[in-house]
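In what follows, a single structure is set out as structure tokens and then discussed.
Computed from the coordinates by the stated procedures, all read-outs in this text should not be read as laboratory data. Fair warning: this is a prediction, and the values are worked out from it, not measured in the lab. Using ideal geometry, Cβ is built from the backbone for each residue, glycine included, and neighbour counts are taken over all protein chains shown.
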Amino acid sequence: MITPTIADALNQQVAREFYSAYFYLSMSAHSDSIGLKGFASWFMAKYQEELQHAMKFYKYLLDQGATVKLLPIEQPPSTYEGALAMYEATLAHEQQVTGNLNDLIDLAMSKRDHATQIFLHWFITEQIEEEATVTEIISKIKLVGNHGDGLFMIDNMVGQKLPSASTSTMATTPTN
Ligand code: FEO
């Protein structure tokens, strides 16, 4: 059983993970609309990954006997100024998520809630990989250019190396 304070904080994280999913779905739609199919696939995979993150928190709340509160999800932007801008926005967003997770761990530590700390470790590790992957894509776009043939080359490369939440042995598949 977790405390109401921890449950509230975790419910806020459920909404943040769903916002992340929305954010990446929006960038997938924008990429698709400007002909960048590889980026569209990559952001669609990120959308799926974030849904899985949200469902991990959802399931943890239920497992701990807490009430799931589905809070409002903010509307993400609908248009972006090119691939570099999308990946820079992705990195800034993931860094913010890392900060949110660190705050959650701090809260769990202050409440001596060891179960929640252990639960959060998977997400902390996941963030390291996510930020590294996005940083690498940003470097490549900067190297070959944000336009023309170079951009199409990166689009093709990124479309063949999709993010996958299911690679972790600790990943749980949402059942609903
Ligand atoms: Fe679910 Fe990358 O944060």
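Report, in listed order, any pair from Lys69/Lys161; Lys46/Lys140; Lys37/Lys140 with a Cα-Cα distance greater than 29 Å.
Flagged as over cut-off: Lys69/Lys161.
Given the rule -39500 (n - 2.57) for each run of at least 4 DSSP H residues, summed and divided by the residues of the chain, what is its mean residue ellipticity at 222 nm, to the nearest 500 deg cm²/dmol?
Result for the chain, helices only: -26000 deg cm²/dmol.
Towards the positive end of the charge dipole of the chain, with charges on Cβ (+1 Lys, Arg; -1 Asp, Glu), say which of Leu70, Met27, Thr135 has the farthest Cα.
Of the listed residues, the answer is Leu70.
Loop only per DSSP, at most 13 neighbouring Cβ atoms within 10 Å: give me the GluC sites (Glu not before Pro) in the stretch 1-105, ordered by residue number.
Of the GluC sites (Glu not before Pro), the ones in loops of the stretch 1-105 whose Cβ has at most 13 other Cβ atoms within 10 Å are Glu74, Glu81.
Have a look at the chain and give its Rg and Dmax from the Cα atoms, expressed in angstrom.
Gyration radius and largest Cα-Cα distance of the chain: 17.1, 55 Å.
With a ≥ b ≥ c taken as the square roots of the eigenvalues of the C-alpha gyration tensor of the stretch 60-113, please select rounded if a/c is under 1.5 and otherwise prolate if a/b is larger than b/c or oblate if it is not?
oblate
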